[in-house]
Amino acid sequence: MAAFANEETEAFIGARVVSPDWLLRQWTAPSVDRENDVAVVEAPDGRLCACLTLEADPPYTSVFALGMVALPYHGRGIGAALVAENELRAERFVALADPGRRVVIHAGTLADEPRVSGLLSAHGYREVRRTQLMRIDFVREPPPPAPIAGIEVRTFRSRDAEELFAVHREAFADHWGEGESTYEDFRHHLLDTPRFEDGLWFLAWHGGELAGYAGAREEADEDSSRGYVDILGVRRAYRRRGIGEALLRHAFQALFRRGKHGCDLQPLGGSWPFGTP
């Protein structure tokens, strides 16, 4: 799946952006029902030529649908079949949502990719959001973070995990398209991955209260010479005090010391440019 997905992203944007590890982690999350939420398509000769996946968190009012078709199989109607199949499978989340609540499907695709954009538009989807990859180059050692009165930043410790999750839920409650993820899914996607390093996760404390956090990893998917910030969040009561910038600067300095040439960041959950109710 990753191989043929990357054939398309390399052809269109010149970069490989889908890793087998990422796909496997998405498909093995505790909340995923693999019988209903994940499927592959086989060609007559047994080759895998397409796949689809769905995911939704409580309150199940926002469903993320993804479909990928291998380049040699474009133009055969497989993409349209995936859209229809995703919509059919998404109906199970309508039953899980509160009666009367509006349930929306978000379908992810590469921005400005004309064929997929045209396909989704033809099925009643409209573009609602775009995500940009943000990038900083380390020409020299990044400047240190400015001190913030009453705030202490230190690296993650295992006993911080549950409080970190609680702060994550609060920080991302305002995020577009965000559901209420479980602690198990949070650990699965962020803390229990092979690339997690507690020395690259920075937590901002106000006395005994966690105010914000940033999680980084040593290698970005598109360029292993660069680091990557997976996630950044600040609780509502602590925003607009420079805590987010301070956390980023801690991550930049740590990555620079590891010989990285820069750092990439992409907003979590933001790669959903199309949606339809």
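Values quoted throughout were computed directly from the atomic coordinates according to the rules given, and no laboratory measurement underlies them. Not measured: the values here are computed from a predicted model. Counting neighbours? That spans all protein chains shown, and the Cβs are built from the backbone with ideal geometry, glycine included.
Computed on alpha carbon atoms, what radius of gyration and Dmax characterise the range 135-265, expressed in Å?
Calculated on Cα positions, Rg and Dmax stand at 14.3, 40 Å.
Using the Cβ atoms and a cut-off under 10 Å, what net charge is assigned to the surroundings of residue 224, where Lys and Arg are +1 and Asp and Glu are -1?
Net charge in that neighbourhood comes out at -3.
Arrange 61, 155 by Cβ neighbour counts within 10 Å, fewest through most, would you?
Fewest-to-most Cβ neighbours within 10 Å comes out as 155, 61.
Long-range amide H contacts for residue 219: which residues qualify at under 5 Å (H placed 1.01 Å from N, peptide plane, sequence gap of 5 or more or a different chain)?
Excluding prolines and chain starts, which carry no amide H, the hits are 228.
Using only Cα atoms, locate the centre of the range 1-50 and the centre of the range 138-171, then give the distance between them in Å, rounded to an integer.
33
Taking amide H atoms as placed 1.01 Å from N in the peptide plane, list the residues 5 or more away in sequence, or in a different chain, whose amide H sits under 5 Å from that of residue 128.
Sorted by chain and number, the residues that satisfy this are 274, 275.
If you restrict to DSSP beta bridges whose two residues both lie in the range 1-146, what percentage is antiparallel, to the nearest 5?
Percent antiparallel among DSSP bridges in the range 1-146 is about 75.
Which ordering of 205, 176 is given by a fewest-first count of other beta-carbon atoms within 10 Å?
176, 205
Could you derive backbone 3J(HN,Hα) for the range 5-20 from the dihedral phi with the Karplus parameters 6.51, -1.76 and 1.60 (θ = phi - 60°), listing whole Hz in sequence and x where the residue is Gly or Pro?
The phi angles translate into 5, 6, 4, 6, 5, 5, 5, 9, 10, x, 8, 8, 10, 10, 10, x Hz.
What length, rounded to one decimal in nm, is gained on full extension from residue 132 through to residue 91, with 0.36 nm per residue of separation minus their alpha-carbon distance?
Contour length minus the Cα-Cα distance gives 11.7 nm.
In sequence order, what are the phi-derived ³J(HN,Hα) couplings for the range 25-40 according to the Karplus relation 6.51 cos²θ - 1.76 cosθ + 1.60 with θ = phi - 60°, rounded to whole Hz, with x for glycine and proline?
5, 4, 7, 10, 4, x, 7, 7, 9, 5, 5, 10, 9, 9, 7, 10
How high is the FRET efficiency from residue 197 to residue 102, r the C-beta distance, R0 35 Å, rounded to 0.05?
So the FRET efficiency works out to roughly 0.30.
Towards the positive end of the charge dipole of the range 171-254, with charges on Cβ (+1 Lys, Arg; -1 Asp, Glu), say which of 181, 207, 228 has the farthest Cα.
207
Could you give me the ³J(HN,Hα) list for the range 180-190, computed from phi with Karplus coefficients 6.51, -1.76, 1.60 and θ = phi - 60°, whole Hz, x at Gly and Pro?
Once θ is set to phi - 60°, the couplings for the range 180-190 become 9, 5, 8, 4, 5, 5, 4, 4, 4, 7, 10 Hz.
For the range 44-65, list residues with backbone N below 16 Å from a point placed 7 Å from the Cα of residue 76 toward its Cβ?
Under cut-off, by backbone N: 44-52.
Listing 226, 16, 154 from the residue with the fewest other Cβ atoms within 10 Å to the one with the most, what is the order?
154, 16, 226
Given Cβ point charges of +1 (Lys, Arg) and -1 (Asp, Glu) and nothing else, what value in debye, to the nearest 20, does the dipole of the chain about its Cα centre take?
Taking the Cα centre of the chain as origin, the dipole is about 800 debye.
How would you order 218-224, 18-24 from highest to lowest mean count of nearby Cβ atoms within 10 Å?
Per-residue Cβ counts within 10 Å, averaged per peptide and sorted highest first, yield 218-224, 18-24.
Once every DSSP H run of n ≥ 4 in the chain is given -39500 (n - 2.57) and the sum is divided by its residues, what mean residue ellipticity at 222 nm do you get, rounded to the nearest 500 deg cm²/dmol?
Counting only the DSSP helices, I get -9000 deg cm²/dmol.
Where nothing but the Cβ of Lys and Arg (+1) and of Asp and Glu (-1) is charged, how large is the charge dipole of the range 53-181 around its Cα centre, in debye to the nearest 20?
Dipole of the range 53-181, to the nearest 20 debye: 360 debye.
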